[in-house]
Amino acid sequence: MSVGKIRGIVLKEQQSGESSKYMVVLSKGAGKLRLNARGAKKAKSPLLAGTQLFSYSDFTVYAGRGFGTVTQADLIENFYGLRNDVAVLSQAVYLTELVERVCPDDMEQDSILRLLLTTLQLLAKAKVEPLLAGRIFEIKLLQLSGLLGTLDCDVCGAPASAFSPAQACFVCAKHTTKSDFVLSEALSAALMHVLEKEGTEIFSFRLSPKSYTELDRLLHRYLQVHTGLDLQSRRFAADICF
Ligand SMILES: [Zn+2]
């Protein structure tokens, strides 16, 4: 049994019993952790602010058998602005759920933590358009998870010119089939931009509605095949914008 300090963001919270909660936290250095916060649902609990969804906090954790138990939670940032706009909030809910589902337990994920913090910060300050920010986040998350590297043909490695929805892979002109869709210049440029840039720079471009729809379709299929996920929160975040 030991006491330790953990800095991380709450990806998920779930009521446990009458006044306690169970949380999934993406922590600096140790990746995704499951923690208990006893009494944190009580209005006067000192744990209340630091253990809510999106709270980025310093946690003091007592590690016994099973999940660690949070004994103190000092809030660093709560991304309050996320709650001012339902389109922003629903996108943030989707992105944290996606991270929670994609990241394995107990494995350092600091680059993904930085990506999430940067994205939530920009969303909270209304500096990015929520739908496009969501797609940019997905590309970078896939890259950081080792699931998307380059835009090369899956068969021969030549530069890709199309996307195969059946295989969820990129293909060159020689290996393309009828059911594939051609990668427009705007779509290729957008994907390359996010793969090559870091930090807030990944968000520094715009797309026409047509190119956005293509990107959305490509990523929806890519996520389905490569992560096995087709989250309802992704659909909800899109529907709320129309
Ligand atoms: Zn090829």
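In this structure, Gln91 does not qualify as farther than 23 Å from Ile240 by Cα and touching a Gly at 6+ places or on another chain (Cβ under 6 Å).
Within the span defined as segment 156-167, every residue fails to be within 16 Å of Leu195 (Cβ to Cβ), more than 16 Å from the ligand (Cβ to nearest atom) and not β-branched (Val, Ile, Thr).
Based on this model, can you work out whether Thr119 counts as over 22 Å from Gln14 (Cβ atoms) and within 20 Å of the chain's Cα centre (by Cα)? Yes: the conditions hold for Thr119.
Report yes if Cys241 is in contact with a helix residue (DSSP H, G or I) (Cβ under 6 Å, 6 or more places away or on another chain) and not β-branched (Val, Ile, Thr), otherwise no. Talk me through it step by step, then tell me what you get.
Working: in contact with a helix residue (DSSP H, G or I) (Cβ under 6 Å, 6 or more places away or on another chain): yes; not β-branched (Val, Ile, Thr): yes.
Yes.
The residues in segment 169-185 that are of a type in the set (S, T, N, Q) and either near the ligand (Cβ under 10 Å from one of its atoms) or within 26 Å of the chain's Cα centre (by Cα) (or both) can be counted, and the count is 2. Beta carbons closer than 9 Å, at least 6 apart along the sequence or on distinct chains, pair a first residue in segment 138-164 that is on the phi > 0 side of the Ramachandran plot with a second that is surrounded by 16 or more Cβ atoms within 10 Å (Cβ to Cβ) and outside any helix (DSSP H, G or I) for Gly157/Cys172. Against the list (1) surrounded by fewer than 19 Cβ atoms within 10 Å (Cβ to Cβ); (2) touching a strand residue (DSSP E or B) at 6+ places or on another chain (Cβ under 8 Å); (3) charged (D, E, K, R); (4) outside the structural domain of Leu117 (by TED's automatic domain parsing), the condition Glu100 fails is (4).
The values are calculated or read from the model by the stated rules, or taken from the named source; none is laboratory data. As the structure is a prediction and not an experimental result, all values here were calculated from the model. Here the Cβ is made from the backbone with ideal geometry for all residues, glycine too, and neighbour counts use every protein chain on show.
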